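Some notes on the structure that comes next.
The values are calculated or read from the model by the stated rules, or taken from the named source; none is laboratory data. Quick caveat: nothing in here was measured; it's all calculated off a predicted structure. Note that each Cβ is placed from the backbone with ideal geometry, even for glycine, and that neighbours are counted across all protein chains shown.
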Amino acid sequence: MTDSPVAYIAFNRPQHTEKTFAVLREQRPSQLFIIADGPRPGHPTDAERCAAVREIVEQVDWPCEVHRHYADSNMGLKQRVSSGLDWVFSQVERAIVLEDDCVAHPDFFRFCDALLDKYADDDRVSVITGNNFQNGHWRGDGSYYFSKYNHCWGWATWRREWLKYEGSIPFWDKWKVSEDWAQKTPDRVERRYWGRIFDGVRAGKFDSWAYPWTASLWYRGGLTATPNVNLVSNIGFGKESTHTGSRSSPVAELPTSEIGTLSHPSEVGQDLVADQHVFEFNFGGRNQRFPKNLIIIPRRLARWCFLRLKLS
């Protein structure tokens, strides 16, 4: 049973909601905040599917203070999630956040509860995530390490941090030419990748709350506590998903496992090696660095070719 309030975000996929809400039922949170978007115009099945989802989440059969924030019409992903979390954190100091396609291991809740307590007054730590994308690599000397990447398939935070969220990232225009931005993204390929994304956020091109949340956290230097095992599996990949369309993705439906007895890292600081791994494998950094059609010529061979051309 989790001691923390839980914010549960749902939309129009009852088959996913059945699975993920069943996990919440096992945890029996004493406070539950349900955020649901409304049907989209021009989508004839949305009304029925949204209604089916809401029927599932109404089945709270344990002692629980339930709060509901249901949209009558579709608000879109960015506005629905951000306004919903504004509503949650106007009422509570901390919360665990789960979406309807994220299946959490029971240890995820214990992990979040413990770290929400431990780092409640530590401004260096902004987020607790349940996601691990290190492909079996253990990072640091504890059960978790600290990252700049705030993976959001099952996460937790405090009001003090969510208040820093700025959906239009008004700081970006000046920040992107600052020394601070260059220091936080020392890899030029990574800097270019995220620069394009944040330019798109600033221009209003993305219906995403997660991108501006990432930018807001990086701007203020917040770290994310990241478990050394994966604690949440995303089952939402497929054509019905907004941002995770490919079911062949290597991070789709990753297995979860126990975290065991928690041991805390000896230091609070960014693990640069782990974060480089995330960029290379999760965000395609290695593909941008070495495109598939690029032929890499060894240095000695290149010098030999150069000399032959020069002498010919």
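Where residues in region 110-146 are of a type in the set (Asp, Glu) and under 29 Å from Ser30 (Cβ atoms), which of them is surrounded by the fewest Cβ atoms within 10 Å (Cβ to Cβ)? Across region 110-146, the extreme among qualifying residues is Asp121.
Residue-wise test of (1) more than 20 Å from the chain's Cα centre (by Cα); (2) among the charged types (D, E, K, R).
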site: Phe89; (1), (2): no, no
site: Asp100; (1), (2): no, yes
site: Asp117; (1), (2): yes, yes
site: Asp122; (1), (2): yes, yes
site: Gly136; (1), (2): no, no
site: Asp173; (1), (2): yes, yes
site: Ser178; (1), (2): yes, no
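Pairs are defined by a Cβ separation below 6 Å, a sequence spacing of at least 6 or placement on different chains, a first member in region 59-88 that is on the phi > 0 side of the Ramachandran plot and modelled with pLDDT of 95 or more, and a second member that is outside any helix (DSSP H, G or I) and surrounded by 18 or more Cβ atoms within 10 Å (Cβ to Cβ); no pair meets this definition. Take the conditions (1) assigned to a strand (DSSP E or B); (2) free of Cβ contacts under 8 Å to residues at least 12 places away in the same chain; Tyr8 misses just one of them, which is (2). Within region 191-231, the residues that satisfy the criterion of being part of a helix (DSSP H, G or I) and either farther than 19 Å from Cys152 by Cβ or at pLDDT below 95 (or both) are Arg191, Arg192, Gly195, Arg196, Asp199, Arg202. Is it the case, given these coordinates, that Phe33 is closer than 15 Å to Glu58 by Cα, in contact with a Lys or Arg (Cβ under 9 Å, 6 or more places away or on another chain) and among the hydrophobic types (A, V, I, L, M, F, W, C)? Yes. Across region 121-144, the qualifying residues are those that are of a type in the set (D, E, K, R) and touching a strand residue (DSSP E or B) at 6+ places or on another chain (Cβ under 7 Å), and the one among them that is nearest to Leu254 (Cα to Cα) is Arg139.
Whether a residue is without any contact (Cβ under 8 Å) to a residue 24 or more places away in the chain, in a helix (DSSP H, G or I) and either farther than 30 Å from Thr214 by Cβ or within 23 Å of the chain's Cα centre (by Cα) (or both) was assessed, and Ala52 does not pass this test.
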